[in-house]
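The values are calculated or read from the model by the stated rules, or taken from the named source; none is laboratory data. Not measured: the values here are computed from a predicted model. Here the Cβ positions follow ideal geometry from the backbone for every residue, glycine too, while neighbour counts run over all protein chains shown. Note: areas computed on protein heavy atoms with side chains; ligands, DNA, RNA excluded. Shrake-Rupley method; radii C 1.70, N 1.55, O 1.52, S 1.80 Å.
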Amino acid sequence: MILFPAIDLKGGQCVRLKLGDMQQATVYNTDPAAQAKSFEDQGFEWLHVVDLDGAFAGHSANGDAVEAILKATKNPVQLGGGIRTLDHIEAWLSRGLRRVILGTVAVRNPELVIEACRKFPGQVAVGIDAKGGKVAVEGWAEASELGIIELARKFEGAGVAAIIYTDIDRDGILTGINWSSTLELADTVSIPVIASGGLASIADIKRMLQPDAQKLEGAISGRALYDGRIDPKEALALIKANRAKETA
């Protein structure tokens, strides 16, 4: 079980959005690289990064900030937002990313995702962002007619490293993870699922460690960490104790 701290990039700064609305962005750090190093120093093992401007633009828009993050931390980094071509995937992986997250292109061109998984095994994740039970694309600005599970099943057996599932209706408002929808997805597909959107308190960390949620790869936390609603030391200690119990 992994707790992924999130760095969302807008205009080169570390921000958090409310309900995916670019007009409701709170700046938490003007130095994303320093934030990445801070997360590493706190004991986190991974880093989740989203290029918000890139997700809307359809191409990388915060490349300098991402490269600075990669230089600042030894932790593996996964990046989503505006990654739409094989060349783009290869370019980012060659710079040291551990894995790329494909969202809009997974809806528009699932064959590209499957090809990317063949070419870069273990380094391609799929981001499924849902609003009202339907998959959203283009930085959450557009809704598709695809259901969450319908999209996820397209990638069974393709070698997708993980599915990052975000409930947009909960993102950035600290109402708790949508456990029923997240666990239903994890029960339906064999691809590891990472929960995202709404993680609010240490109670969510404890919920994540319950037996029925052990199938998840982990969860992403943003605003709750920045606002101090989750104490990193306490959260990581709970996860470490759970791992020790599992291996005992």
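Once both labels are positioned 7 Å from their Cα atoms along Cα-to-Cβ, the gap between D31 and E111 label points is 4.8 nm. For P5, what is the net charge nearby, where nearby means another residue's Cβ is under 12 Å from its Cβ and Lys, Arg count +1, Asp, Glu -1? In short, -1.
Projecting label points 7 angstrom from Cα along Cα→Cβ for A57 and D227 puts them 2.9 nm apart. Put a dot 7 Å past the Cα of S94, heading toward its Cβ, do the same for D64, and the two dots end up 2.2 nm apart.
Here segment 1-143 carries DSSP beta bridges of which approximately 45% are antiparallel, counting only pairs with both residues inside.
Assuming R0 = 45 Å, can you tell me the calculated FRET efficiency for the pair D187 and K119, based on Cβ-Cβ distance, to the nearest 0.05? Could you put the intermediate results ahead of the total?
Values: r = 29 Å, r/R0 = 0.65.
Rounded to the nearest 0.05, the efficiency is 0.95.
The gain in end-to-end length when the E234 to K71 segment is fully stretched comes to 55.9 nm, 0.36 nm per residue minus the alpha carbon separation.
Please report the carbon-and-sulfur percent of the accessible area for the chain; probe 1.4 Å, protein heavy atoms only, DNA, RNA and ligands left out.
With neighbouring chains kept in place, the figure for the chain is 48 percent.
Label reach from E156 (point 7 Å along Cα→C-beta): in segment 208-235, amide nitrogens under 19 Å belong to 215-217.
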